[in-house]
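The values are calculated or read from the model by the stated rules, or taken from the named source; none is laboratory data. All values derive from a computational prediction rather than experimental measurement. Positions of Cβ are generated from backbone atoms using ideal geometry, with glycine treated the same way; all protein chains shown enter the neighbour counts.
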Amino acid sequence: MASEAASHVSVGALSAIFDNTKVAEREPIVQCVQIKPLPPQQNNQERYRAVFSDISNYVQTMLATQANHFVTDGLLRKGCFVRLKSFQANSVKGKKILIILDLEVLTELGECDKIGEPKPLETKAEEERVHPTTISSNGFYGSKLQSPQPQPRGGLHQERTLSSASAHATIYPIEAISPYSHKWTIKARCTHKSNVKTWHNRNGEGKLFSVNLLDDSGEIRATGFNDQCDMLYDIFQEGSVYYISSPCRVQMAKKQFTNLNNEYELTFEKDTIVEKAEEQNDVPQVRFNFTAIGDLQSVEKDTTIDVIGVLKDAGETTQIISKTTNKPYDKRELTLVDNTGFSVRLTVWGSTATNFAVMPESVIAFKGVKVSDFGGRSLSLLSSGSMTVDPDIEEAHKLKGWYDAQGRSDIFTSHASVSSALGATSGKLDQFKTIAQIREEQLGMSEEADFFSLKATVVYIKQDNLSYPACLSEKCNKKVTELDPGQWRCERCDKTYPRPQYRYIMLINVSDHTGQLWLSCFDEVGRLIMGMTADQLMDIRENDSKAAGEIFQNANCRTWNFRCKARTDHFGDQQRVRYQVSSARPLNYSEEASHLADLIKSYNIN
């Protein structure tokens, strides 16, 4: 097996990548002889280091974040064989290193122990100085661009349309830029340009502007101060593609000013070259990093995120007066929903609000919205943000398909209702309890209700009295009585309807490692647990009992984070504690890991 796999390896390919005098293979095949995670970065972004061998030599590599899934999906493992499809060659502190942008795991070649005795690639300092080499994001290689000749101050930044893109044949991907990169050129689209901002303090005064730059590999923020602001501001236009060449300072990103997923940012310097590209269509338009609406409770206040949802409702334009500037601002409030079963209020401002003409049920993607804790959780589109209606991306197509199939008839939970149901004044908003603690502390036995959170697994769903027929009037929800077939009467509304709307009143048994507990769930929680409305489930039970049984089976053995209220109920001469679920959400594994880590740190173990 090893000998057969060895015949496919591109022997000597790694050396050729770093040597301009040799002919390098476009997509060499190599063996992975080591894979390990890198220490956590400032933005907690996972990174992985891999060592690849071509039998003659081995080289250290770093996987770009867009290639992480090969590791997390279990495809890229020690001993497997891969085809390097896109990569970037660098020399850092005398060591040769590849940044892998894309690869293909050749599963048909299997896995085996390291083949041969490959040796590390030797670095010749003089060769690196005279013939620095780089690999473009599409895998082509060649001699790196040399520094431009000095030009008169101001003339260096004049916008120039290149007669041929071949002048920039060796382009660095944004993902590869770091403080160790020198003499690079990127080709990127300007996705956002800020207004010019000024500052005045005891150290002086000045002005600045910033742009967001995007290519296939990632995004980065770049800022120009004072002279660079004057010379570059008019050159950059949102939506256009540019070549940007160093010198340009690379530093750690100030996360309070940007939500881009990059640990570095750029500062334009006096010799930075900015040129508009002749070819404008080979760079992506925008890159999103969406947060689901149902996950907003776990997002910290003032965080900047991207969000996508179906427009459920759009309010009228209103105007507010700023308390700080005393100036009027136009605003419009939108309601978005998604397939997590949650809705959220999102505010747009200024001309975006006054010119808003999007039809309800359209899918809208927002980039750069600020999270507020007002009303539980709400969102506000920043001045640096953008809005795209019915974008041609996979997330939008899936959302539209879900809404057309079932979302249009769903009832959604607002973050405002979740917040109020938790009893914010109880002082126990986020206190997680085990079932044993709930009983030991006798929660719900006092005169006032007790509120708590519980992580538990559904082990049984009582199928009797699962739902009740409710009134169709908005905000009524009272039980209706069937008078005759097709005649359902609501005494409260004094109306008769041809059919009711069924609503959940579920009783479920949940378990954790300390015991079991019965919980009462109403309609919003029932829809989350069952994955459908009570109307849909009742229809399935009536027509296909086997299918209904499978639905209950699938809802079992799932773990949720429940927010609950414990209160004593009286039935005649007896009293008992009733545990009512206010809201439920699936486990957020990142949040769970952080919570467990905090628990471990809270114990003083020597």
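Structure above, values below:
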quantity: Enumeration of residues in the range 196-234 that are modelled with pLDDT of 85 or more and not in a strand (DSSP E or B); calculated: Val196, Asp215, Asn226, Asp227, Gln228, Cys229, Asp230, Met231, Leu232, Tyr233, Asp234
quantity: Residue within the range 251-258 that is surrounded by fewer than 14 Cβ atoms within 10 Å (Cβ to Cβ), within 30 Å of Asp338 (Cβ to Cβ) and within 18 Å of the chain's Cα centre (by Cα) present; calculated: yes
quantity: Residue satisfying all of: in the range 443-476; of a type in the set (Ser, Thr, Tyr) and out of contact with any Ser or Thr (no Cβ under 7 Å at 6 or more places or on another chain); surrounded by the fewest Cβ atoms within 10 Å (Cβ to Cβ) among these; calculated: Ser446
quantity: Boolean, Ser178 is within 17 Å of Ala222 (Cβ to Cβ), at pLDDT 80 or above and either surrounded by fewer than 16 Cβ atoms within 10 Å (Cβ to Cβ) or in the same structural domain as Ser384 (by TED's automatic domain parsing) (or both); calculated: yes
quantity: Enumeration of residues in the range 202-234 that are in contact (Cβ under 8 Å) with a residue 60 or more places away in the chain, hydrophobic (A, V, I, L, M, F, W, C) and under 30 Å from Ala67 (Cα atoms); calculated: Leu214
quantity: Residue list for the range 199-214, restricted to those being surrounded by fewer than 21 Cβ atoms within 10 Å (Cβ to Cβ) and either in contact with a His (Cβ under 7 Å, 6 or more places away or on another chain) or under 23 Å from Ser386 (Cα atoms) (or both); calculated: Leu208, Phe209
quantity: Selection count, the range 505-563, where residues are of a type outside the set (Ser, Thr, Tyr), over 22 Å from Lys475 (Cβ atoms) and in a loop (DSSP other than H, G, I, E, B); calculated: 7
quantity: Residue under evaluation Ala547, criteria (1) among the hydrophobic types (A, V, I, L, M, F, W, C); (2) on the phi > 0 side of the Ramachandran plot; (3) without any contact (Cβ under 8 Å) to a residue 12 or more places away in the chain, criterion not met; calculated: (2)
quantity: Any helices (runs of 4 or more DSSP H) falling wholly within the range 324-426 and containing at least 3 residues that are at pLDDT 90 or above; calculated: 394-405
quantity: Count - residues of the range 192-217 that are within 29 Å of the chain's Cα centre (by Cα) and at positive phi; calculated: 0
quantity: Residue in the range 564-583 that is among the aliphatic types (A, V, I, L, M), surrounded by 20 or more Cβ atoms within 10 Å (Cβ to Cβ) and more than 32 Å from the chain's Cα centre (by Cα) present; calculated: yes
quantity: Spans of strands (runs of 3 or more DSSP E) in the range 39-147 with at least 2 residues surrounded by 16 or more Cβ atoms within 10 Å (Cβ to Cβ) and at pLDDT 85 or above; calculated: 48-53, 57-63, 81-92, 95-105
quantity: Where a residue in the range 235-246 is in a strand (DSSP E or B) and its partner, wherever it lies, is of a type in the set (Ser, Thr, Tyr), with Cβ under 6 Å and at least six apart; calculated: Tyr243/Thr185; Ser245/Thr185
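Conditions tested, residue by residue: (1) in contact with a helix residue (DSSP H, G or I) (Cβ under 7 Å, 6 or more places away or on another chain); (2) farther than 27 Å from Val480 by Cβ; (3) at pLDDT 90 or above.
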residue: Arg503; (1), (2), (3): yes, no, yes
residue: Leu517; (1), (2), (3): yes, yes, yes
residue: Arg527; (1), (2), (3): no, no, yes
residue: Ala534; (1), (2), (3): yes, no, yes
residue: Ile540; (1), (2), (3): yes, no, yes
residue: Phe552; (1), (2), (3): no, no, yes
residue: Phe571; (1), (2), (3): no, no, no
